[in-house]
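Each remark here refers to the structure printed beneath this line.
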Amino acid sequence: MAKPFSAIDVSVSMKHLSASSTAILAVTLAAAACSSGPDEPSAAAPTPGATDVLRTAPAPAAPPNPLSNRAADAPGPVSPAATPAKLLALEGLGNLRIGQPVPENGPWRERGAQTSDACRTVSSPEYPGVYAIVSEGKVQRITVGKRSDVKLAEGVGAGASEKDVKKWFAGFREEPHKYEDAPAKYLTAPNAAAGGPALRFEIGRDGEVSLIHVGTMPVLAYVEGCA
């Protein structure tokens, strides 16, 4: 008949079991430490060259800025019909320059009756449908009408639609036309009040550009020639 375990025998057996478990755990930890060497990376190394691609990838192009005066700082493609001599810019037209005296020995001359000694208009047979306002001895504005083939660098000229104007010159200030009913209006560059050369369009009741003005305030906004 088997001898029953005493309380002392159970206690001794538990001590032996605890010591054996401790020894097994110690061996397991030591083996794990040996298998993962000190130089083994904790995470997968990045693919060679991946960081170089990210570092050298070009930044996305900035969206076009809808400029207050598009012709001043981001001229578009020149229309085939707009040769340099027929190209209206913020600086002027041909050798007629905003802020400068009328060139001597050139085609620009006073023609017809003048309403004021302080403000004069000049025109040229080489530019039908175009006239300039001269004040204080300097060209203050150049105006292009529908009889002219002069255009802006964007290809916009008299006779263009209001839609074409707004395509190139977003953000221009709108004002009701003084003499014509809507949709006639004035479209003026927001920076015109700053004092530099700026653009101003007159849109007729037919929705087309009737006049294009380039010049400086206040002459740029004159609605009756020198007034």
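Some notes on this structure:
- The single condition among (1) closer than 23 Å to Ala85 by Cβ; (2) outside any loop (DSSP other than H, G, I, E, B) that Asn191 does not satisfy is (1).
- The range 88-111, residues that are in a loop (DSSP other than H, G, I, E, B) and open to solvent by less than 70 Å² (accessible area, probe 1.4 Å): Leu90, Gly94, Ile98, Gly99, Val102, Pro103, Gly106, Pro107, Trp108
- Residue pairs meeting the criteria (Cβ under 8 Å; at least 6 apart or on separate chains; first under 13 Å from Asn191 (Cα atoms), in the range 215-227; second of a type in the set (A, V, I, L, M, F, W, C) and open to solvent by 50 Å² or more (accessible area, probe 1.4 Å)): Met217/Ala193
- Test: residue in the range 144-156 that is touching a residue at least 12 places away in the same chain (Cβ under 8 Å), basic (Lys, Arg) and over 24 Å from Ser210 (Cβ atoms): no
- Scan the range 89-120 for residues that are of a type in the set (D, E, K, R) and within 27 Å of the chain's Cα centre (by Cα) and the total you get is 2.
- Any hit, the range 164-174, residues being in contact (Cβ under 8 Å) with a residue 40 or more places away in the chain, of a type in the set (Gly, Ala, Ser) and assigned to a loop (DSSP other than H, G, I, E, B): yes
- Restricting the range 69-109 to residues that are among the polar types (S, T, N, Q) and on the phi < 0 side of the Ramachandran plot, the residue that is modelled with the lowest pLDDT: Ser79
- Taking the range 112-160 as the range and being small (Gly, Ala, Ser), part of a loop (DSSP other than H, G, I, E, B) and either within 30 Å of Arg205 (Cβ to Cβ) or modelled with pLDDT of 95 or more (or both) as the test, the residues that pass are Gly112, Ala113, Ser116, Ser124, Gly129, Ser148, Ala153, Gly155, Ala158, Gly159, Ala160.
- Qualifying position, being without any contact (Cβ under 8 Å) to a residue 60 or more places away in the chain and on the phi < 0 side of the Ramachandran plot, among Ala184, Ala189: Ala184
- Candidate set from the range 128-139 (those that are out of contact with any Lys or Arg (no Cβ under 6 Å at 6 or more places or on another chain) and within 21 Å of Val209 (Cβ to Cβ)); member that is surrounded by the fewest Cβ atoms within 10 Å (Cβ to Cβ): Tyr131
- Any hit, the range 171-190, residues being within 21 Å of Gly94 (Cβ to Cβ) and surrounded by fewer than 20 Cβ atoms within 10 Å (Cβ to Cβ): no
The values are calculated or read from the model by the stated rules, or taken from the named source; none is laboratory data. What you see is a predicted model, and the numbers here were worked out from it, not measured in a lab. Backbone-built Cβ (ideal geometry, glycine too); neighbour counts: all protein chains shown. Heavy atoms of the whole protein, side chains included, go into the accessibility calculation; ligands, DNA and RNA do not. Shrake-Rupley method; radii C 1.70, N 1.55, O 1.52, S 1.80 Å.
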